[in-house]
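Visitor: Got a structure for you, written out below as structure tokens; questions coming shortly.
All of the numbers you see were taken from the coordinates with simple rules; none came from a lab. Because the structure is predicted, anything quoted here is derived from the model rather than measured. Every residue, glycine among them, receives a Cβ derived from its backbone with ideal geometry; neighbour counts consider all protein chains shown.
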Amino acid sequence: TNKTFTMIKPDAVANGHIGAILDQIIKGGFKITAMKYTKLSQETAGKFYEVHKERPFYGELVDFMSSGTIVAAILEKDNAVEDFRKLIGATDPAKAEKGTIRNLFAQSIGANAIHGSDSDENAKIEGSFFFSGLEKF
Ligand code: GTP
Ligand code: MG
């Protein structure tokens, strides 16, 4: 489809990178169709990342994602999921291509600045996790 879901993670918000990241997203050709500031509880972060609950870093991931304000948004563009994953770069910022959002703003594999859905199906699930039908204009 033409939609994906993103979160600007607590490290990037705390480090003052919201504006620069939104600028990259918009310059990358994405339209922001819904957006909110919020803070996840441990419970909500745990639920969002439930697919990773057997991974060794799950506890660290949940602690980190509930440690501060995040910005959640739904983005629209042709080929949105794949193009957005390209724009953000590899999970580990040390491996992220030059000029990608993670290359520019991420601290580490855990505190890696931004999330992007990995499939059309997950984009829909994740968008609906954060936004109501009314907000998804
Ligand atoms: P997301 O867009 O956030 O889903 O990242 P991704 O799809 O590039 O990576 P993946 O879904 O495999 O992992 C989800 C998140 O878990 C990553 O973005 C990291 O924040 C975190 N993560 C992944 N691997 C590690 C790790 O080895 N250590 C820690 N602390 N966190 C990790
Ligand atoms: Mg992922």
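Visitor: Longest span of the chain, sites excluded, free of trypsin sites (Lys or Arg not before Pro) in DSSP loop with at most 16 other C-beta atoms within 10 Å?
Guide: Of all site-free stretches, the longest is 1-52.
Visitor: Quick check: net charge around VAL71, other residues with Cβ under 11 Å of its Cβ, Lys/Arg +1 and Asp/Glu -1?
Guide: So the environment of VAL71 carries a net charge of +3.
Visitor: Among residues other than ILE18 whose Cβ falls under 13 Å from its Cβ, what is the net charge (Lys/Arg +1, Asp/Glu -1)?
Guide: Surrounding charge for ILE18 is 0.
Visitor: For a quick check: sort GLU135, GLU54 by the number of other beta carbons within 10 angstrom, fewest at the front.
Guide: Neighbour counts put them in this order, fewest first: GLU54, GLU135.
Visitor: When the Cα centres of the range 21-79 and the range 98-137 are compared, how far apart do they sit, in Å?
Guide: Each part reduced to its Cα centre gives a spacing of 5 Å.
Visitor: Explain nothing, just compute: Karplus ³J(HN,Hα) = 6.51 cos²θ - 1.76 cosθ + 1.60, θ = phi - 60°, for every residue of the range 46-56 in order, whole Hz, x for Gly and Pro.
Guide: The phi angles translate into x, 5, 4, 9, 3, 4, 9, 5, 8, 6, x Hz.
Visitor: A further question on this structure: Cα to Cα, under 18 Å, and not fewer than 8 places away if on the same chain: which lysines meet these conditions relative to LYS77?
Guide: Qualifying lysines at Cα under 18 Å: LYS3, LYS27, LYS31, LYS86, LYS124, LYS136.
Visitor: While we're looking at this one, here's another question. Using a Cα-Cα cut-off of under 15 Å, which aspartates and glutamates could be cross-linked to LYS47, ignoring same-chain neighbours fewer than 8 residues away?
Guide: Hits, sequence-local ones excluded: GLU60, ASP63, GLU126.
Visitor: Over the C-alpha atoms of the chain, what are the Rg and the largest Cα-to-Cα span, Dmax, in Å?
Guide: In Å, with Rg to one decimal and Dmax whole: 13.7, 39.
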